Structures are given as structure tokens and as C-alpha cells.
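The values are calculated or read from the model by the stated rules, or taken from the named source; none is laboratory data. Values in this document were obtained by computation on a predicted structure and should not be read as measured data. Cβ placement follows ideal geometry from the backbone for every residue including glycine, while neighbour counts extend to all protein chains displayed.
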Amino acid sequence: MASVSTQPQFRYTQPPSKVLHLRNLPWECIEEELIELGKPFGKVVNTKCNVGANRNQAFIEFSDINQAIAMISYYASSSEPAQVRGKTVYLQYSNRQEIVNNKTAADVAGNVLLVTIEGADARLVSIDVLHLAHIKAISSMAA
């Protein structure tokens, strides 16, 4: 006998938001799959994948709240549930009004040059020596 999930596909505990919370995603779900899931309902402007304790949750942010309402309404009345990689996905409005990227400055790519100097007395290496070495390195890369 097949087991029946008691987990509701929709939770209406939050008022409508342009950000939707998705649960029960495959752990290897990627941003492109979330965009494809939301694309029929409007413009997906931001996503956040692999969140939650089991990394099986995500957020989709639409450009307009009516697009998020359309997605929730469609799947609430459809006989076919929302799916990613054949797995039923549970949708609800998020308590967030936008997805905030909480990356620290260390997580964001930047222009950093790491220099290691070997075989030199550290007392002889000044900022001027580093500057000259840096200019020579850039000149040789441009040539």
C-alpha cells in the first residue's frame, strides 16, 4: 500500500509576498531549476537555493507580488503538484518581502593580490620593492 504524505502542499500562514518559500526540494537543486519553475508565472528576479537544515529549501522572488500569487493559485488548484526532478515541491508565501543576500565582504570576489617572497631578508622588502615587483608583473602579463 502506498504511503500518503500528510504534509500539506500549501501553507497559508503568511500574507501574500512576492517571495515564495519552497520546501522538499532535491538537495542538488540549482538556481536555473527554480527560475524554470517560476518562469510561467512571471519574471524571477532573485533566488536563494539550498537553505534550511537539510538544504532542501529555497526562495524565489518575483518582480511583482501578483506573479507570486498566480503561482500559488495555480498549484493550489492544479491536480499536478509543483515538481523539481520528479519530486513534489511544497510552496508557501515567505515572511520576507525580498531576498536579502547576506554575503560578507570575504564571500564576495574582489581584486586581491597575494604575494609570497622567498629567499629574501624580510627587512629588505619595503612597500617600494613590492610596488616595483607588482608593476613588472603587470607589464609582463600585458605583453
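Listing for the model above:
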quantity	calculated
Within the range 60-84, tally of residues that are in a strand (DSSP E or B) and without any contact (Cβ under 8 Å) to a residue 24 or more places away in the chain	1
Subset of the range 31-59 (residues that are over 9 Å from the mean Cα position of the chain (by Cα), of a type in the set (A, V, I, L, M, F, W, C) and not in a helix (DSSP H, G or I))	44, 45, 53
Complete set of residues in the range 19-42 that are under 18 Å from residue 75 (Cβ atoms) and of a type in the set (D, E, K, R)	23, 33, 36, 39
Residue 75 vs. criteria aromatic (Phe, Trp, Tyr), modelled with pLDDT under 90 and more than 30 Å from residue 134 (Cα to Cα)	no
Pair list, Cβ < 7 Å and 6+ apart or interchain, from the range 26-43 residues that are within 16 Å of residue 91 (Cα to Cα) to residues that are among the basic types (Lys, Arg) and surrounded by fewer than 12 Cβ atoms within 10 Å (Cβ to Cβ)	26/85
Pick from the range 37-54, criterion of a type in the set (A, V, I, L, M, F, W, C) and either within 19 Å of residue 69 (Cα to Cα) or modelled with pLDDT of 95 or more (or both), ranking: surrounded by the most Cβ atoms within 10 Å (Cβ to Cβ)	37
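Here's the yes/no breakdown for (1) at pLDDT 70 or above; (2) outside any strand (DSSP E or B); (3) more than 30 Å from residue 31 (Cβ to Cβ):
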site: 91; (1), (2), (3): yes, no, no
site: 95; (1), (2), (3): yes, yes, no
site: 100; (1), (2), (3): yes, yes, no
site: 105; (1), (2), (3): no, yes, no
site: 108; (1), (2), (3): no, yes, no
site: 128; (1), (2), (3): yes, yes, yes
site: 134; (1), (2), (3): yes, yes, yes
site: 138; (1), (2), (3): yes, yes, yes
site: 141; (1), (2), (3): no, yes, yes
